[in-house]
Amino acid sequence: MATVFVDCGTAWITDMQLGTQVSTTFFVGWGEGTGVVSKGQFQINSEAQARVSLATSESLFNQVTWSAVMTASAVRSIAQAGMFANNSGGLIIVGDFAVLALQTNDRISFTITLTTT
């Protein structure tokens, strides 16, 4: 299991610093596809169902946290989750985990934290 700040995330940070990217709403999505996450990944594997907006908070001077709850719209086997700059945009952070078998209306709470050093 791993969590990766992907290349698109690096480009997103650069664009934010240059002022060419302005994003105020972030989204989380989940995927049913398995496989090792990688820095060059552009999307989560086999994304399943609509993304959900994330609430943003600054927990420390060098740390931002996003959180949201996703509810399964059908029976799912979730193995990845990712953070996106907008509802149809590029992947910023992706993580994989042991497959979670969900029934319709089961919920998962996602918390994503980015710490700069």
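Quick notes
- Selected residue (criterion: farthest from F110 (Cα to Cα)) from residues of the stretch 38-56 that are in contact with a Leu (Cβ under 8 Å, 6 or more places away or on another chain) and open to solvent by less than 40 Å² (accessible area, probe 1.4 Å): Q41
- Condition check for G35: in contact (Cβ under 8 Å) with a residue 60 or more places away in the chain, in contact with an Asp or Glu (Cβ under 8 Å, 6 or more places away or on another chain) and open to solvent by less than 50 Å² (accessible area, probe 1.4 Å): yes
- All of A79, A68, A74 fail the test of being modelled with pLDDT of 90 or more and in a loop (DSSP other than H, G, I, E, B), apart from A74.
- Residue in the stretch 96-104 that is β-branched (V, I, T) and within 19 Å of T3 (Cβ to Cβ) present: yes
- Sole exception among (1) more than 25 Å from F61 (Cβ to Cβ); (2) without any contact (Cβ under 8 Å) to a residue 60 or more places away in the chain; (3) surrounded by 12 or more Cβ atoms within 10 Å (Cβ to Cβ); (4) β-branched (V, I, T) for V75, by number: (3)
- For V22: the one exception among (1) surrounded by fewer than 13 Cβ atoms within 10 Å (Cβ to Cβ); (2) touching a Ser or Thr at 6+ places or on another chain (Cβ under 9 Å); (3) assigned to a loop (DSSP other than H, G, I, E, B): (2)
- Condition met for N87 (at pLDDT below 90, assigned to a loop (DSSP other than H, G, I, E, B) and either open to solvent by less than 10 Å² (accessible area, probe 1.4 Å) or farther than 18 Å from A11 by Cβ (or both)): yes
The values are calculated or read from the model by the stated rules, or taken from the named source; none is laboratory data. It should be emphasised that the depicted structure is a prediction, and the values quoted were computed from it without experimental measurement. Heads up, the Cβs are rebuilt from the backbone with ideal geometry, glycines too, and the neighbour counts pull from every protein chain shown. These accessible areas exclude ligands, DNA and RNA; they are computed on the full protein's heavy atoms, side chains included. Shrake-Rupley method; radii C 1.70, N 1.55, O 1.52, S 1.80 Å.
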